[in-house]
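See below for the structure under consideration.
The values are calculated or read from the model by the stated rules, or taken from the named source; none is laboratory data. Quantities reported herein were computed from a predicted structural model and do not represent experimental measurements. Glycine gets a Cβ as well: all are built from the backbone with ideal geometry, and neighbour counts include every protein chain shown.
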Amino acid sequence: MLGSVLNIEQLQTAVAAAKRQFEMLQKKYPALKAKDKEAYLVLSLPSGQTGIDSFPAQILSEFPGMVVAGSAPHFQYNEKTQIEIRFKDLNYELIWKLQADDLIDRNLTPQTKASIQIVLGTLARFDDGNCAA
């Protein structure tokens, strides 16, 4: 992997690995995919977020902080971008269970009942294959 950036292929590899890990969580916690209340994945940094399946042009317009200057028209992506779970309907009991789950990055996920942030990991972690998926 190059320094602190990912190319489009590495981004796609990381996203696919994160989705597999999310599917494992959905099997453990069926409430994550309950109809009309299902949870979903986003790419996130403190500067913004976008959907996990966003196209490069969409990422550039919605979440420019994720794009690192690259040679045109090839974008490079910040490997520190986090993959997080968002909830359509907050279920605090589920969130507290997720905070302690081994499939969650407990270093990046605040371990407090005051937080609803659930982080699966960074793009770098999933691109390197250092995940349970």
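Quick one: is Leu90 under 23 Å from Leu6 (Cα atoms), without any contact (Cβ under 8 Å) to a residue 60 or more places away in the chain and assigned to a loop (DSSP other than H, G, I, E, B)? Before you say what the answer is, go through the steps one by one.
Details: under 23 Å from Leu6 (Cα atoms): no; without any contact (Cβ under 8 Å) to a residue 60 or more places away in the chain: yes; assigned to a loop (DSSP other than H, G, I, E, B): yes.
Answer is no for this residue.
Please determine whether any residue of the stretch 36-50 is surrounded by 15 or more Cβ atoms within 10 Å (Cβ to Cβ), over 22 Å from Leu108 (Cα atoms) and of a type outside the set (Lys, Arg).
no
Name the single residue that is surrounded by the most Cβ atoms within 10 Å (Cβ to Cβ) among those in the stretch 4-18 being farther than 10 Å from Phe75 by Cα, in contact (Cβ under 8 Å) with a residue 40 or more places away in the chain and of a type in the set (S, T, N, Q).
Gln10
So which residues in the stretch 80-133 are over 16 Å from Lys33 (Cα atoms) and of a type in the set (D, E, K, R)?
Of everything in the stretch 80-133, those that are over 16 Å from Lys33 (Cα atoms) and of a type in the set (D, E, K, R) turn out to be Lys80, Asp101, Asp102, Asp105, Arg106, Lys113, Arg125, Asp127, Asp128.
Go through the stretch 96-133 and give me each residue that's buried (at least 18 other Cβ atoms within 10 Å of the Cβ), on the phi > 0 side of the Ramachandran plot and either in a helix (DSSP H, G or I) or at pLDDT below 95 (or both).
Listed by number, the list is empty, since nothing qualifies.
Listed residues Glu84, Glu93; which is closer than 22 Å to Met24 by Cβ and surrounded by fewer than 17 Cβ atoms within 10 Å (Cβ to Cβ)? Explain how you work it out, then say what you get.
Numbers: Glu84 fails: surrounded by fewer than 17 Cβ atoms within 10 Å (Cβ to Cβ).
Of Glu84, Glu93, the one residue that is closer than 22 Å to Met24 by Cβ and surrounded by fewer than 17 Cβ atoms within 10 Å (Cβ to Cβ) is Glu93.
Can you tell me which residue within the stretch 29-83, out of those that are over 14 Å from the mean Cα position of the chain (by Cα) and of a type in the set (Ser, Thr, Tyr), is modelled with the highest pLDDT?
Once the filter is applied, the top-ranked residue is Tyr29.
Can you tell me which residue among Asp53, Asp36 is assigned to a loop (DSSP other than H, G, I, E, B) and in contact (Cβ under 8 Å) with a residue 40 or more places away in the chain?
Numbers: Asp53 fails: in contact (Cβ under 8 Å) with a residue 40 or more places away in the chain.
When all the criteria are applied, what remains is Asp36.
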